[in-house]
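Taken together, the values in this text are just the output of simple stated rules run on the coordinates, not laboratory data. Keep in mind the model is a prediction, meaning the values are calculated, not measured. With ideal geometry, Cβ positions are generated from the backbone for all residues, glycine too; neighbour counts draw on all protein chains shown.
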Amino acid sequence: MPDNNQHAAIDLEWANLLSPQRRTVLRGGGLVAALAASGLAGTALAQEVKTARVKPAPGKSPWGEHTDTAPTPRPASVRPGEETLPSKPRAYTDIESYHAHIYFDEDSYQKAALIRRWAAERFQIELGDWNLEPRGPHVTPSFYFGFTNDLLPVIVPWLQLNSLGLTILIHPNTEDPRADHLYYALWVNRSQPVNGYAMKKPGPGEPRVEQIFVNTRPTVKIERA
């Protein structure tokens, strides 16, 4: 690596090369020709120039040629009609239940396990399995529990006070799961990306809204001040 004196010498060489008297040399034969004409072909500057001029690897790109001139396409809408304004508000009774998704990583999984145990001990909920990899629209490890509407005024503040610093997504369950996760959501602490691109409304023969099946038996009374 050049020392300070060598760097100063290189700077001086550049200044000399770019002086008005030598710009014609640069235009006529390029930088390498200018270096040769100036007697600097063996200097560190010349070596840097030679190193920088690496030939591209042979072959063709799988993307084809001249991709910079391709037109910019407009993606097809995945939400037909969503751009129009509604004529009236939605009824709050469209919400049939809720999910709480607790996110964690290798450093915070013990906090998630504690929240999971506490919730199962105190609430009648549907407690899901551990997701140690991204699953569905959730891009990090998580677990979830589902609960009925009557528990909302209790579980939301309970999670706010007992999140242990973890990110928690609380969303309603309606007939539009994509909107439930992206637009109707509540976040405890901070939000994080949710990949709802491929989420669609239930198809023919599928339940209109995801159902909640309670699978816990509370044994601890909820703490009160």
Against the rule of thumb 2.2 N^0.38 Å, how large the Cα Rg of region 76-225 comes out: 1.09
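Excluding N162 itself, what net charge comes from residues whose Cβ is under 13 Å from its Cβ, given Lys and Arg +1 and Asp and Glu -1? Before the final figure, lay out the partial values.
On the way: positive: K111, R116, R117, R122; negative: E121, E223.
Around N162, the charge tally is +2.
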field: Estimated vicinal HN-Hα couplings, Hz - region 115-127 in sequence order (Karplus 6.51, -1.76, 1.60; Gly, Pro = x)
entry: 4, 4, 5, 4, 5, 5, 6, 10, 10, 7, 9, 9, 9
query: When ranked by the protection proxy of mean other Cβ atoms within 10 Å per residue, highest first, what sequence do the peptides 139-150, 58-69 form?
result: 139-150, 58-69
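Against the empirical 2.2 N^0.38 Å scaling, what ratio does the C-alpha Rg of region 69-142 come to? Before the final figure, lay out each step's value.
Details: Rg = 19.5 Å, N = 74, 2.2 N^0.38 = 11.3 Å.
Normalised by 2.2 N^0.38 Å, the Cα Rg of region 69-142 equals 1.73.
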task: Return the lysines within reach of K200: Cα separation strictly under 28 angstrom, same-chain partners fewer than 8 residues apart disregarded; answer none if there are no such residues.
output: K88
message: Expected output is a single nm value to one decimal: the length gained when fully extending between E65 and W187, i.e. 0.36 nm times separation in residues minus the C-alpha distance. What is it?
response: 39.4 nm
message: I'd like the chymotrypsin sites (Phe, Trp or Tyr not before Pro) in region 177-225 restricted to DSSP loop residues with at most 13 other Cβ atoms within 10 Å, sorted by number.
response: Y183, Y197, F213
- line: So V220 and Y109, fully extended at 0.36 nm per residue minus their Cα-Cα distance, gain in nm 37.7 nm
